[in-house]
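See below for the structure under consideration.
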Amino acid sequence: MYAILTDDRDLARADVGEVTHFFAESVDGTRREPLAGTVNSVACWGDTAAIRETPDRAAVTADGRRATPETDGHHWGTVCPTDPDYRAGLLERLERVGAAGDVRLTTLGFPGSAFCRCERCERTFAESEYDDRSAWRSAVVTEFVADASDRVAGDLLATLYPDPYPGHLRERAGLAPAALAPHVSEFVVPLCSPGYETTYWVETLARGFADELADLDAELTIQLSAGNVDADRLAGLTRRLEPYAETIVYGTHPGDEDVVRDAIRRVREGEAVATPA
Ligand SMILES: [Zn+2]
């Protein structure tokens, strides 16, 4: 199946693929009216506006480094996943967005293995039933996803960080796919790169996820970017990924619409396409 991801309402309604993912809430803190008939995408703990307003809300490392856009390796601000008020507000928003249909969760979990070591997280971990911090972090995220699935009427999709190496997702973000799978219908893995000058890594990662998720009752969706790439290359890449993923979703700006339509048409019609390196 083919889908697009966009924040443009007209493009979202243009029937480019069978499904549309619509950015209802983005990592910069922008919130849009959810769009019925689409998979509304909601940034969970990635919320730069929230940490600009209340800097103490940002997840933090033991040496005091906060998850802000200015911190190396972070492109947006990330709220601490145990912040109770933020969590409650997020679940309320998910319930509202979820009334419009399916929901995709992005920026799930902790923003890196060194996060979050705020006083509340230290205390909550110490008082928890877990001796292992990584197991505790995974429980925090899994409980949230379970609560979210109770509030969303349609399907729930969870976006994973693109690292299929066994144990890495759990260690990095607190994401444990086997624990999450009962609560979600799909895992979405973004494998985005402007232009796809090389593509071997896309196939490698897609195959890794297909193996890692093979025994779980959840589908795999791979997200590609449609910017700066021609239809032939995008179609070739799509074809190479199809053994591993049920759905390919293309991150699409209005200017890329024709490229995505053409790529989907070429794959559907079995037209000869380039096999990118
Ligand atoms: Zn914390």
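A compact table of results
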item: Among the residues listed as THR48, THR106, the single one being touching a residue at least 12 places away in the same chain (Cβ under 8 Å) and in contact with a Pro (Cβ under 8 Å, 6 or more places away or on another chain); result: THR48
item: Single residue of segment 157-202 satisfying the filter (part of a strand (DSSP E or B) and in contact with a helix residue (DSSP H, G or I) (Cβ under 7 Å, 6 or more places away or on another chain)) that is nearest to VAL141 (Cα to Cα); result: ALA158
item: Pair list, Cβ under 6 Å, 6 or more apart: segment 73-99 residue farther than 15 Å from GLY29 by Cα, other residue of a type in the set (Asp, Glu) and away from the ligand (no atom under 16 Å from the Cβ); result: LEU91/ASP147
item: Any hit, segment 29-48, residues being modelled with pLDDT under 95, more than 18 Å from LEU175 (Cα to Cα) and surrounded by 18 or more Cβ atoms within 10 Å (Cβ to Cβ); result: no
item: Sole residue being in contact with a helix residue (DSSP H, G or I) (Cβ under 9 Å, 6 or more places away or on another chain) and more than 16 Å from the ligand (Cβ to nearest atom), chosen from THR68, THR78, THR38, THR106; result: THR38
item: Segment 200-230: number of residues that are buried (at least 21 other Cβ atoms within 10 Å of the Cβ) and more than 18 Å from the chain's Cα centre (by Cα); result: 1
item: So LEU220, is it closer than 30 Å to SER149 by Cβ, assigned to a helix (DSSP H, G or I), at pLDDT 95 or above and touching a helix residue (DSSP H, G or I) at 6+ places or on another chain (Cβ under 8 Å); result: no
item: Flag if ASP47 is under 30 Å from ARG13 (Cα atoms) and within 15 Å of the ligand (Cβ to nearest atom); result: yes
item: Any hit, segment 51-63, residues being more than 16 Å from the ligand (Cβ to nearest atom), outside any loop (DSSP other than H, G, I, E, B) and modelled with pLDDT of 95 or more; result: yes
item: Unmet requirement for VAL140, which otherwise passes all of (1) closer than 22 Å to ASP217 by Cα; (2) within 12 Å of the ligand (Cβ to nearest atom); (3) touching a residue at least 60 places away in the same chain (Cβ under 8 Å); result: (3)
item: Count of segment 109-137 residues which are acidic (Asp, Glu) and either in contact with an Asp or Glu (Cβ under 7 Å, 6 or more places away or on another chain) or away from the ligand (no atom under 15 Å from the Cβ) (or both); result: 3
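Residues checked against (1) closer than 23 Å to HIS183 by Cβ; (2) buried (at least 17 other Cβ atoms within 10 Å of the Cβ):
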| site | (1), (2) |
| --- | --- |
| ARG9 | no, no |
| PHE22 | yes, yes |
| ASP56 | no, no |
| ASP63 | no, no |
| GLY77 | no, yes |
| CYS80 | yes, yes |
| ARG87 | yes, yes |
| LEU94 | yes, yes |
| GLY101 | yes, yes |
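The values are calculated or read from the model by the stated rules, or taken from the named source; none is laboratory data. The shown structure was predicted, so the numbers you read here are calculated from the model rather than taken from an experiment. Using ideal geometry, Cβ is built from the backbone for each residue, glycine included, and neighbour counts are taken over all protein chains shown.
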